[in-house]
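Below: the structure, in structure tokens.
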Amino acid sequence: GFFKPQSSPLQNKTVLVTAGPTQERLDPVRYFTNRSSGKMGYAIAEEAAKRGANVILVSGPTNLQPPANVHFVQVKSANDMYESVMEHYRNVDVVVKSAAVADYRPKLVADQKIKKQPSDWSIEMERTTDILHTLGTEKTHQLLIGFAAESEQVEYYAQDKLRRKNLDMIVANSILQSGAGFEGDTNIVTMFKKDGTSVSLPLMSKQEVASNLLNEIELLLKENVE
Ligand code: CTP
Ligand code: CA
């Protein structure tokens, strides 16, 4: 017979994906960042676009090429990401917050390069805004998916974030397991849903994780309609 494409509930939905690390400036030559490569988020954006979604990818600095057919927004700091995400939030159907957002930034940003001193040095840091928590507080119709990178008590912390941030689902990975986490091409995740059920995936490529995650998102979108 003829090939008939299965219509996806993501068709014509708008999906906002955040990816990568953030950079928090200290002075003109220094910043704080983390080991996120952006690969997980870019794979999610690419797969959502393939399934017919309008994708907005808000990304911190990475070495990756933006996928085809996504609206690409490049940001640096947690605050840049916050502003970009809030600007689009009202008009999106799904948010996937895979970015590794800095929790702290230098309290003072120097205009000139900071010179070394004979003594030791400490830098005062202040909290950034928790973007995902803000989205949970202001949620109207959106499906909200968070990530949790944990080095211990994965299920406990992930469930806690799911509840506190008012999420529909959280994707947890144990960053100390080999084959999981930041820089590699593979991941081992468990998806916890707000109805109390969970789906554990074995070691697989980040493309395959993205595909499984979008399958779950499609199910949640169907439930929302019914
Ligand atoms: N997140 C965010 N804004 C922040 C910090 C985190 O939107 N300023 C989001 C991340 O994108 C991720 C989720 O919150 O989807 C969980 O991030 P994580 O670092 O695991 O949790 P935190 O709430 O920051 O708690 P902690 O780092 O103490 O574990
Ligand atoms: Ca954090």
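Observations on the model:
- Taking residues in the stretch 93-104 that are among the polar types (S, T, N, Q), and partners anywhere that are near ligand 1 (Cβ under 6 Å from one of its atoms), the pairs with Cβ atoms closer than 6 Å and at least 6 places apart or on different chains are Ser98/Phe147.
- Verdict on Pro21 being touching an Asp or Glu at 6+ places or on another chain (Cβ under 8 Å) and of a type outside the set (Ser, Thr, Tyr): no
- Glu87 meets the conditions (1) touching a residue at least 12 places away in the same chain (Cβ under 8 Å); (2) out of contact with any Phe, Trp or Tyr (no Cβ under 7 Å at 6 or more places or on another chain); (3) within 19 Å of Leu144 (Cα to Cα) in every case but one. The failed one is (1).
- Where a residue in the stretch 105-119 is farther than 28 Å from Asp130 by Cα and its partner, wherever it lies, is in a loop (DSSP other than H, G, I, E, B), with Cβ under 6 Å and at least six apart: Lys113/Pro28; Lys113/Val29
Listed here are the residues, each with its yes/no results for (1) modelled with pLDDT under 95; (2) within 16 Å of the chain's Cα centre (by Cα).
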site	(1), (2)
Ala172	no, yes
Gly179	yes, no
Leu201	no, no
Ser205	no, no
Leu213	no, yes
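- Looking across Pro28, Pro61, one residue alone is farther than 30 Å from Ser8 by Cβ, out of contact with any Leu (no Cβ under 9 Å at 6 or more places or on another chain) and without any contact (Cβ under 8 Å) to a residue 60 or more places away in the chain. It is Pro61.
- Hits in the stretch 1-58 - residues which are in a loop (DSSP other than H, G, I, E, B) and among the aliphatic types (A, V, I, L, M): Leu10, Val29, Ala53
- Of all residues in the stretch 146-157, those that are more than 8 Å from ligand 1 (Cβ to nearest atom) and either within 14 Å of the chain's Cα centre (by Cα) or in a loop (DSSP other than H, G, I, E, B) (or both) total 3.
- If the condition is being within 12 Å of ligand 1 (Cβ to nearest atom), under 16 Å from His141 (Cα atoms) and either among the basic types (Lys, Arg) or part of a helix (DSSP H, G or I) (or both), then the stretch 90-107 contributes no residue at all.
- Check on Met81, within 12 Å of ligand 1 (Cβ to nearest atom), in contact with a helix residue (DSSP H, G or I) (Cβ under 7 Å, 6 or more places away or on another chain), on the phi < 0 side of the Ramachandran plot and not in a strand (DSSP E or B): yes
- Restricting the stretch 206-226 to residues that are without any contact (Cβ under 8 Å) to a residue 40 or more places away in the chain and either over 14 Å from Met169 (Cβ atoms) or in contact with a helix residue (DSSP H, G or I) (Cβ under 9 Å, 6 or more places away or on another chain) (or both), the residue that is surrounded by the most Cβ atoms within 10 Å (Cβ to Cβ): Glu208
- Residue ID - nearest to ligand 1 (Cβ to nearest atom), chosen from residues in the stretch 160-172 that are outside any loop (DSSP other than H, G, I, E, B) and surrounded by 18 or more Cβ atoms within 10 Å (Cβ to Cβ): Lys161
- Of all residues in the stretch 103-117 being over 16 Å from Ile175 (Cβ atoms) and within 13 Å of ligand 2 (Cβ to nearest atom), the one that is surrounded by the most Cβ atoms within 10 Å (Cβ to Cβ): Arg105
The values are calculated or read from the model by the stated rules, or taken from the named source; none is laboratory data. Only a predicted model underlies this, so the values are computations on that prediction, with no experimental measurement involved. Positions of Cβ are generated from backbone atoms using ideal geometry, with glycine treated the same way; all protein chains shown enter the neighbour counts.
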